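> There's a structure below that I have some questions on.
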């Protein structure tokens, strides 16, 4: 017995292991350099949040101003407006899209008509691959006051055409519902995958016991989705400060800024259009720090709940 | 025996409900796409509402809009830029992602933990738009297509997905190649990569969709230094609002 144990090779020394993986190090070093330049220099540049940034002086020579940029932001009238809009859109999209995705997944799973299932599945994935530029064109074809379908119907009933895209009452709904139209099919995939993993004997047993289809959904399908559902919700809460820059950036316009502006679009305008780099970076840093806290928190909860975290 | 096969009344209601909802969902998905599609084929001399346009017979469709588009120099320029961003972007992204994911997947690699932390920090903490913009100007990339795809080329999320795929590959395969005298480079090129075609395609697709649909990056880079070259690939996204 002892001889077998001693025959086990000793783990190779550190130097030998490093030598063995030489080519891996050389390959990965390119990616490492990429990370240092494109991910870490921006973090270093973020110090201009604490400076009065002047383009001529550059990052390190601009004078320090302490927390002035942050206090300017927190004390401004738009502070709560931005936070409110950002959280509203994230939570609003979640409240509409996640239940829709669960419903779609269950409907696709239960549907017995093959062609219907396949057609809906394909058509539901398709919009995910469209950019928000194309989505804007599609929305105009429906909502435009001059030649949109919806306004045609309103006019046919003798109503006045409504300018939906520039009306603060309708704009939030357009954002939430267009996101739902675009992403529900794609987000249903993860739930569909969870359903595919259900043990079929559960359904056989339910059939023998005389359970109705509704009861099957209630007691087998929904519980099977539950862990994935919790994970998806926690993940979404972890990125609650990302309310969809590309979408809002494309859809919004001056008349709806008060209900449309989210942190990211505001940073874009202040920084790149009005050159207030210090202020815009301070807001970005504010978002980055809170985003990090939320992401770590959600990952911790996911780990506790499903035993496999994101990282 | 027959009662076991025949659906009960409540089950028939259930399946009717499911099928009807799927039909409704299908209609909601198709109508906007169909209305946009017919809009693009509408003849210039078309008279009538948008609803009439949706039901216009296909033999009355006109390709005038498409012909006008293809004759537009700035559109062709923008399309060319889009294709270049797509192909160069995906190639660059995979070039940096694959070795990184592979290195992270080797459990016995000295320094793996440190590499993992270095990769993870930028994923957790994003300093935002302006610090990135300053970097792009500092590197002199403004007005170059590389400015569009290079700063955001590597997604940590995609790297971690690829890493867990590499970790799932059977260790015995690599070990047997090593016993036959293969170097680590050979193991990667001859064993790991041929087995990883599905994940390379999937991640390549993710990157491709990202680069093809990205319009805010070209827009944000070209607003400040609005050279004609830069504006042209921004062309599609910055078309005038109706």
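Laboratory data are not the source of any read-out in this text; all were calculated from the coordinates shown. From a predicted model like this one, the values you see are computed outputs, not experimental measurements. Glycine also receives a Cβ, built like all others from the backbone with ideal geometry; neighbour counts cover every protein chain displayed.
> Quote the relative contact order of chain B in percent (integer), defining contacts as alpha-carbon pairs under 8 Å separated by 6+ residues.
24
> Follow-up question, since we're still on this one. Using only DSSP helix segments of four residues or longer, with each worth -39500 (n - 2.57), what per-residue ellipticity at 222 nm results for the protein assembly as shown after dividing by its residue count and rounding to 500?
Rounded to the nearest 500, it is -21000 deg cm²/dmol.
> Subtracting the Cα-Cα distance from 0.36 nm times the residue separation, let me have the gained length for residue A:155 to residue A:230 in nm, one decimal.
Gain on extension, residue A:155 to residue A:230, equals 22.5 nm.
> Report, to one decimal in Å, the Kirkwood hydrodynamic radius for chain B based on all distinct Cα pairs.
Hydrodynamic radius (Kirkwood, Cα pairs) of chain B is 23.1 Å.
> Do you know the relative contact order of chain A, to the nearest whole percent, from alpha carbon pairs under 8 angstrom that are 6+ apart?
RCO, chain A: 25 percent.
> Taking Cα centroids, how far is segment A:242-311 from segment B:93-170 in Å?
One Cα centre to the other: 20 Å.
> How big, in percent, is the set of alpha carbon pairs in segment A:137-271 lying more than 26 Å apart?
Here the tail beyond 26 Å accounts for 49 percent of pairs.
> Tell me the label-point distance for the pair residue A:204, residue B:121, using the 7 Å Cα-to-Cβ offset, in nm and rounded to one decimal.
5.5
> Subtract the Cα-Cα distance of residue B:167 and residue B:189 from 0.36 nm times their separation in residues, and report this length gain in nm to one decimal.
6.3 nm
> If packing is taken as the average number of other Cβ atoms within 10 Å across a peptide's residues, how do A:65-76, A:262-273 rank, most packed first?
A:262-273, A:65-76
> Could you line up B:23, B:165 from fewest to most neighbouring Cβ atoms inside 10 Å?
B:23, B:165
> Would you compute, for the Cα atoms of segment B:1-103, the largest minus smallest coordinate along each principal axis and list the three values in descending order, in whole Å?
69, 63, 18
> For peptide A:260-270, what's the mean number of Cβ atoms from other chains within 10 Å of each residue's Cβ?
The mean count of partner-chain Cβ atoms within 10 Å per residue comes to 2.
> Let me ask you something else. Between B:28, B:203, B:121, where does the largest GNM mean-square fluctuation fall for chain B, given springs only between Cα atoms within less than 10 Å?
B:28
> Ranking request for peptides A:31-39, A:205-213: highest mean number of other beta-carbon atoms within 10 Å first, then the rest in descending order.
A:31-39, A:205-213
> Compare the peptides B:50-58, A:162-170, B:167-175, A:183-191 by average per-residue count of other Cβ atoms within 10 angstrom and give them in order, highest first.
So the order, starting with the most tightly packed, is A:183-191, A:162-170, B:50-58, B:167-175.
> Mind giving me the nanometre distance, one decimal, between the label points for residue B:143 and residue B:205, set 7 Å out from Cα along Cα→Cβ?
Here the answer is 4.0 nm between the modelled labels.
> Expressed as a whole number of Å, what is the distance separating the alpha-carbon centroids of segment A:135-149 and segment A:52-76?
43
> Here's a follow-up. Would you mind computing, in nm to one decimal, how far apart the modelled labels at residue A:300 and residue B:23 are, each placed 7 Å from Cα along Cα→Cβ?
So the label points at residue A:300 and residue B:23 sit 5.2 nm apart.
> Across peptide A:240-251, how many C-beta atoms of other chains are within 10 Å of each residue C-beta, on average?
2
> Need one value for B:26-35: mean number of C-beta atoms belonging to other chains within 10 Å of its residues' C-beta atoms.
Mean inter-chain Cβ contacts per residue within 10 Å come to 5.
> Could you work out how far the C-alpha centroid of segment B:16-88 sits from that of segment A:157-233, in angstrom?
First find each Cα centre; the distance between them is then 28 Å.
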